[in-house]
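The values are calculated or read from the model by the stated rules, or taken from the named source; none is laboratory data. Since we're looking at a predicted model, the values are computed, not measured. In this analysis, Cβ positions are derived from the backbone assuming ideal geometry, glycine residues included, and neighbour counts consider all displayed protein chains. Just so you know, the surface numbers come from the protein's heavy atoms only, side chains and all, with ligands and any DNA or RNA stripped out. Shrake-Rupley method; radii C 1.70, N 1.55, O 1.52, S 1.80 Å.
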Amino acid sequence: MKNIRNFSIIAHIDHGKSTLSDRFIQKCGGLSEREMSSQVLDTMDLEKERGITIKAQSVSIFYTDKNEKKFNLNFIDTPGHVDFSYEVSRSLSASEGALLIVDSSQGVEAQTIANCYTAVDMGLIVIPVLNKIDLPTADATRVEKEIENIIGISCKNSIKCSGKTGIGIDSLLESIINNIPCPKGNIDSPLQALVIDSWFDNYLGIVSLIRVKNGSIKKGSKIRIMSSSKTYFVEELGIFTPKKITKNMLICGEIGWIICGIKKIHSILVGDTITLDHYPALLPLSGFKKIKPQIYAGMYPTQSDQFLYFKEALQKLSLNDASLFYETDNCSALGFGFRCGFLGLLHMEIIQSRLEREYGLNLISTAPTVIYEILLHNNKIIYLDNPSKFPNKTMIKELREPIAECNILLPKKYLGNVLSLCSEKRGKQKNMVFHNRQISLTYEIPLSEIVFNFFDRLKSISSGYASLEYSFIKFKKSNLDRLDILINSEKIDALSLIIHKKNSFNQAKKIVKKMKDLIPRQQFNIAIQASIGNNIIARSTIKQLRKNVIAKCYGGDITRKKKLLEKQKRGKKRMKNIGNVDIPQEAFFSILKIN
Ligand code: GDP
Ligand code: MG
């Protein structure tokens with residue numbers, strides 16, 4: 001145990017965590033030159049394509065130090081995006097230390113601070129790592145000052161390195177050995193192992209990643225899940241190097257995987273404690289804070305016979321993503337589906353893509369919404385996550401919307417732009433602190449304004465330099481209305497949304513216009529209207545189609561005709577026919593597409 005070091009690699013997105021992980025694996029890991037690819041830990045196709053880490057990945061490597069002493073290093077590469085911070089906090093709870101990676105050509109960003117504070121709160125040793133020093137624009141000294149001034153941790157023990165070229169990696173490894181404590185725990189105590197992650201394998205059943213905190217676990221052991229008291233036999237266990245290696249035993253301090261041949265989903269939950277049946281621990285470990293989704297949306301299979309399969313896919317996926325929430329939902333426009341809760345828009349996008357790729361589903365989703373708190377006249381409080389379930393106005397005493405505390409970090413010259421964006425988004429300034437080069441701003445902004453397109457706007461008005469971190473803090477009384485959309489005079493429940501009165505007319509106009517652009521023309525006129533209560537506040541008409549698509553071809557080039565028809569067919573896949581009108585996926589998202 002003295003020779004084990006467990007740590008997480010944390011940072012703002014793109015500061016180089018996954019690249020640094022590659023260097024560690026290349027230097028001390030269990031992959032041959034041929035097996036080594038760049039960003040080996042981003043195993044999901046989606047991660048590779050988007051160049052982001054979505055799931056935290058754990059790896060065991062073996063390092064021999066200057067004095068020929070052998071060490072087992074277990075590290076976890078974590079995602080940097082705010083939507084996946086739950087992955088980060090789980091990884092940290094399996095670690096004694098954290099490498100705080102900061103891009104030394106950029107500097108401290110909002111997520112650097114947030115992740116660092118999470119690590120410090122959990123009592124971890126944090127090593128500041130000034131990365132990308134190979135870049136000509138790198139200025140490690142300036143960035144160290146930023147870390148000390150803005151975050152408030154000392155850079156006495158910081159390391160300067162480049163994950164790309166490998167400079168400084170040796171000093172970093174030495175620093176890990178010397179500064180991060182070995183795991184505590186008692187190998188003779190009853191087994192307590194924390195389930196950090198779980199996923200479903202069609203052949204093996206549930207595979208769980210665990211951190212053994214006390215005792216040890218062997219192949220063949222009869223284990224007990226402390227939350228349910230259910231017992232299972234360990235069929236196989238081992239570590240990731242990052243290859244899956246089988247072992248006979250995991251001892252306290254180690255991080256590894258176990259398989260117990262469990263096919264029933266939700267038998268081992270993330271945060272559960274595993275103990276031995278014949279020598280059980282008295283108490284479970286503290287587990288993880290339950291997290292609440294920030295946005296909700298309906299998801300419906302385009303073919304209604306896929307409903308059961310969709311349900312199974314959600315069950316399997318939620319095993320691997322404890323932050324995903326779902327419950328059955330039935331809407332008149334889209335039929336049977338699920339109301340799902342997500343941590344943010346990126347999370348929603350990723351889940352939808354994973355469902356489509358990993359499970360071959362074809363889904364239509366409604367515009368996401370935040371959750372509202374409604375005080376009724378009978379003094380009951382209800383939480384509304386679906387605009388179409390908005391109660392009758394006469395029942396409502398007070399409507400409250402969720403407010404987020406936002407921390408924004410930006411270089412000075414963008415202050416004007418950012419302040420006007422925040423006020424446009426109904427923000428209330430709480431604090432403004434000037435550091436050398438940067439300013440940190442604290443605002444209270446309605447969550448609905450933040451989760452949709454705030455981040456993109458913030459990036460574009462600051463040439464990409466401003467960064468944002470936010471969290472829900474409270475519900476606050478607000479002037480809200482439900483906006484309904486009517487297509488050919490029929491109210492479509494799946495298109496209803498909740499908006500603020502301040503700019504309801506303006507918004508309604510923009511939404512109607514956007515829909516007009518997105519819904520394809522058909523053989524008849526389509527009237528699109530937006531209403532609040534019984535008042536139509538915006539309208540527009542999609543004129544009927546005159547020519548068919550092929551008419552555009554003029555000549556008789558058959559391959560072109562085929563291509564056009566092919567394109568039209570593909571376009572159709574993502575549509576839902578509602579009251580004779582084909583509504584494409586994008587139209588459901590019109591609210592997100594307007595500024
Ligand atoms: P992550 O989001 O923190 O996991 O960051 P990645 O490891 O995916 O790296 C983000 C980008 O920075 C990629 O394009 C990397 O090639 C690049 N990068 C990472 N480390 C270095 C480095 O040390 N030097 C340079 N020049 N580029 C780096
Ligand atoms: Mg990454």
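For residues in region 247-269 being part of a loop (DSSP other than H, G, I, E, B) and in contact with a Lys or Arg (Cβ under 7 Å, 6 or more places away or on another chain), which is modelled with the highest pLDDT?
Going through the qualifying residues, I end up with N248.
Only one residue in S85, S89, S8 is more than 16 Å from ligand 2 (Cβ to nearest atom), under 21 Å from the mean Cα position of the chain (by Cα) and polar (S, T, N, Q), so which one is that?
S89
Where the second residue is more than 9 Å from ligand 2 (Cβ to nearest atom) and of a type in the set (F, W, Y) and the first is in the same structural domain as G123 (by the TED database) and lies in region 8-24, which pairs have Cβ atoms under 9 Å and are six or more apart or on separate chains?
Matching pairs, first to second residue: S8/F75; I9/F24; I9/F75; S21/F75; F24/Y63; F24/F75.
Residues that are open to solvent by less than 10 Å² (accessible area, probe 1.4 Å) and within 14 Å of ligand 1 (Cβ to nearest atom): does region 118-128 have at least one?
No; the residues of region 118-128 include none that is open to solvent by less than 10 Å² (accessible area, probe 1.4 Å) and within 14 Å of ligand 1 (Cβ to nearest atom).
Within the set of pairs 6 or more residues apart or between chains, which connect a residue that is within 13 Å of F240 (Cα to Cα) and not assigned by the TED database to the domain that holds S198 inside region 31-60 to a residue that is near ligand 1 (Cβ under 10 Å from one of its atoms) and modelled with pLDDT under 75 with Cβ atoms less than 8 Å apart?
Between residues of region 31-60 that are within 13 Å of F240 (Cα to Cα) and not assigned by the TED database to the domain that holds S198 and residues that are near ligand 1 (Cβ under 10 Å from one of its atoms) and modelled with pLDDT under 75, there is no close pair.
Could you tell me how many of the residues in region 15-39 are more than 9 Å from ligand 1 (Cβ to nearest atom), surrounded by 20 or more Cβ atoms within 10 Å (Cβ to Cβ) and aliphatic (A, V, I, L, M)?
1
Just need a number here: residues in region 351-368 that are assigned to a strand (DSSP E or B) and of a type outside the set (V, I, T).
2
How about region 45-81: which of its residues are open to solvent by less than 30 Å² (accessible area, probe 1.4 Å), away from ligand 2 (no atom under 14 Å from the Cβ) and β-branched (V, I, T)?
Within region 45-81, just I61 meets the criteria.
Give the residues of region 207-257 that are within 26 Å of the chain's Cα centre (by Cα) and without any contact (Cβ under 8 Å) to a residue 40 or more places away in the chain, sorted by residue number.
Across region 207-257, the qualifying residue is only K244.
Condition first: buried (at least 20 other Cβ atoms within 10 Å of the Cβ), at pLDDT 90 or above and either among the hydroxyl-bearing types (S, T, Y) or part of a helix (DSSP H, G or I) (or both). Now tell me which residues in region 430-453 satisfy that.
Correct list: Y443, L447, S448, E449, I450.
Please go through region 123-181 and give me each residue that is free of Cβ contacts under 8 Å to residues at least 24 places away in the same chain and among the basic types (K, R), ordered by number.
Hit for region 123-181 is K156, nothing else.
Got a number for residues in region 483-508 being open to solvent by 30 Å² or more (accessible area, probe 1.4 Å) and either in the same structural domain as K412 (by the TED database) or assigned to a helix (DSSP H, G or I) (or both)?
Qualifying residue count for the region: 7.
Look through region 369-425, keep the residues that are assigned to a helix (DSSP H, G or I), open to solvent by 20 Å² or more (accessible area, probe 1.4 Å) and of a type in the set (A, V, I, L, M), and return whichever of them is nearest to I450 (Cα to Cα).
For region 369-425, the residue satisfying everything is L419.
Taking region 82-101, which residues are surrounded by fewer than 24 Cβ atoms within 10 Å (Cβ to Cβ), away from ligand 1 (no atom under 14 Å from the Cβ) and not in a loop (DSSP other than H, G, I, E, B)?
Selection gives Y86, S89, G97.
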